[in-house]
Amino acid sequence: MADLTSKQRAQLRGLANGIDTILIVGKDGIGDNLVKQANDALEARELIKGRVLENALMTAREVAEALAPLTRSEVVQVIGTKFILYRPTHRKDKKDKIVLVEDKKKKTM
C-alpha cells in the first residue's frame, strides 16, 4: 500500500472524529489476540481508533507503529493516548467503502 498523502490523512482524520474507540491496549501490550481483533475491525470498518491505557508499557506511537505492519495498515494519526489506523478493505460487497481523495500534483518517478 502506498503511503498516504497529507490530504488523505486529513480526510481520514475527519472521518475518525465520528467513530468510537474500539481497540484498547493494556499492560499486556500487543499479543496475537489484539492483532486478530485489529485485523477483523479493519476488514469490517477500514478505519479504527485505538487507545493505550496508562498502565501499558508502550506509548501510543510505539503501539501504532508496531501494529501497522502486523495488520498491513497505515498509521493515520497519534494524539496523546489515542491512535488511528487505516486499511482499505478487500471485500467487494462492502457498500460504504472509504474513497480517498486523489492528489492532483502527484509526481511519477
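Every read-out reported here was derived from the displayed coordinates using simple, explicitly stated rules and does not represent laboratory data. Just so it is clear, the structure is predicted and the values come from calculations on it, not from any experiment. Neighbour counts are summed over all protein chains in view; Cβ atoms, including those assigned to glycine, are modelled from backbone coordinates with ideal geometry.
Which value does Rg/Rh take for the chain over its C-alpha atoms, Rh per Kirkwood? Write out the running numbers ahead of the final one.
Numbers: Rg = 14.2 Å, Rh = 14.5 Å.
When Rh is taken as the Kirkwood radius, the ratio is 0.98.
What number, in percent, do you get for the relative contact order of region 6-86 if the mean sequence gap of Cα pairs under 8 Å and at least 6 apart is divided by its residue count? Could you put the intermediate results ahead of the total?
Values: 124 pairs, mean separation 26.4, N = 81.
This gives 33 percent for region 6-86.
Gain on full extension, evaluated as 0.36 nm per residue between residue 17 and residue 53 minus their Cα-Cα distance, stands at 11.0 nm. Distances between placed amide hydrogens fall under 5 Å for residue 5 paired with no residue 5 or more residues away or on another chain.
If you take all other residues with their beta carbon under 10 Å from the beta carbon of residue 58, and give Lys and Arg +1 and Asp and Glu -1, the sum is 0.
Between residue 77 and 84, the built amide H atoms are under 5 Å apart, and every one of these is 5 or more places off in sequence or on another chain. Sequence-ordered 3J(HN,Hα) estimates for region 43-51 from the Karplus curve with 6.51, -1.76 and 1.60 and θ = phi - 60° stand at 5, 7, 10, 6, 10, 10, 10, x, 9 Hz, glycine and proline given as x. For residue 22, nonlocal amide neighbours, meaning residues 5 or more places apart or on other chains whose placed amide H falls under 5 Å from its own, are 49.
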